Amino acid sequence: MNGTKKVEDILSDVRIPFSAVPDPYRNAPPCKLNLLELARYADRNGKDISNLSQEEIAQFKI
């Protein structure tokens, strides 16, 4: 060999095993906001969630 790696060898070095990827539907990360109601509030007020003030977001803390 001349010291070069095959593409398969390079990809196997960086490939993450499929079992290591978390399933957000089964093991959902903890969230301290009621996102569903927050999204509904933003829609009712014609705003984007990113444009809500801290006071408005604080209303939906769990």
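The values are calculated or read from the model by the stated rules, or taken from the named source; none is laboratory data. Predicted, not measured: the structure shown is a model, and the values here were computed from it. Cβ coordinates were reconstructed from backbone atoms using ideal geometry, including for glycine residues, and neighbour counts include every protein chain displayed. Accessible surface areas use protein heavy atoms only, side chains included; no ligands, DNA or RNA. Shrake-Rupley method; radii C 1.70, N 1.55, O 1.52, S 1.80 Å.
Solvent-accessible surface (1.4 Å probe) assigned to Arg40 amounts to roughly 110 Å². Amide H contacts under 5 Å for Leu33: Ile62, restricted to partners 5 or more places along the chain or on a different chain, H placed in the peptide plane at 1.01 Å from N.
Taken along the Cα-to-beta-carbon direction at a fixed 7 Å, the label points for Leu36 and Ala58 span 2.6 nm. A probe of 1.4 angstrom, applied to the heavy atoms of all protein chains, finds Lys47 with accessible area near 90 square angstrom.
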